[in-house]
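Have a look at the structure below, then the notes.
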Amino acid sequence: MRFYCTNCWNDITENDKICSHCGADQTELHGEVFEEKLIRALHNPEPETVIRAANILADLKVLDALPSLESLIKINLDPFILAAAIKSICKIGGENYFYRARNLLKSKKSFIVENALKDCQSFLKLYKSK
């Protein structure tokens, strides 16, 4: 099993208490609540972990995740991560956040991102009709 620093995501050993790369205390993670760990996972170097964290945050409707999800859109180019971020923003933040995120995506259009935007628009229409 691989272990990563909770701050810089460099490899560490299972027993490291302090990251040798950035000096972050690895014991602090034990005190974090589940939602905080998920938000931190949005910066994981493994795309599958980022996507999974975004999806779980959306299912739990964690409002505190919105700034981190928006920053994912600003800094990421992976269309699958972008799609997960936009869908999560839509589910958590609703219409206002969806439009903000859509504006951030203007230069990052792809088939996958376009489909995510369409899914969000359908979701918002369905949500409004309830």
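The values are calculated or read from the model by the stated rules, or taken from the named source; none is laboratory data. Small disclaimer: the values here were computed from a predicted structure and weren't measured. Here the Cβ positions follow ideal geometry from the backbone for every residue, glycine too, while neighbour counts run over all protein chains shown.
Examine the stretch 73-93 for a residue that is surrounded by 12 or more Cβ atoms within 10 Å (Cβ to Cβ), among the aromatic types (F, W, Y) and either touching a strand residue (DSSP E or B) at 6+ places or on another chain (Cβ under 9 Å) or in a helix (DSSP H, G or I) (or both), and state whether such a residue exists.
yes
Can you find a residue in the stretch 13-33 that is under 11 Å from the mean Cα position of the chain (by Cα), not in a helix (DSSP H, G or I) and not hydrophobic (A, V, I, L, M, F, W, C)?
no
Are any residues in the stretch 1-17 more than 15 Å from R40 (Cα to Cα) and in contact with a strand residue (DSSP E or B) (Cβ under 6 Å, 6 or more places away or on another chain), and if so, which ones?
I12, E14
Do any residues in the stretch 91-105 that are in contact (Cβ under 8 Å) with a residue 12 or more places away in the chain have Cβ atoms under 9 Å from those of residues that are of a type in the set (K, R) and surrounded by 14 or more Cβ atoms within 10 Å (Cβ to Cβ), where the two are at least six apart or on different chains, and which pairs are they?
Short answer, once both residue conditions are applied: G93/R100.
Does K118 satisfy the criteria of being charged (D, E, K, R), closer than 20 Å to N7 by Cα and assigned to a helix (DSSP H, G or I)?
no
Could you figure out which of (1) surrounded by fewer than 14 Cβ atoms within 10 Å (Cβ to Cβ); (2) closer than 24 Å to T13 by Cα isn't true of I39?
Condition not satisfied by I39: (1).
Within the stretch 91-112, identify whether any single residue is modelled with pLDDT of 90 or more and in contact with a Phe, Trp or Tyr (Cβ under 8 Å, 6 or more places away or on another chain), and answer yes or no.
yes
Inspect all residues belonging to the stretch 25-36 and state whether any of them is buried (at least 17 other Cβ atoms within 10 Å of the Cβ) and of a type outside the set (S, T, N, Q).
no
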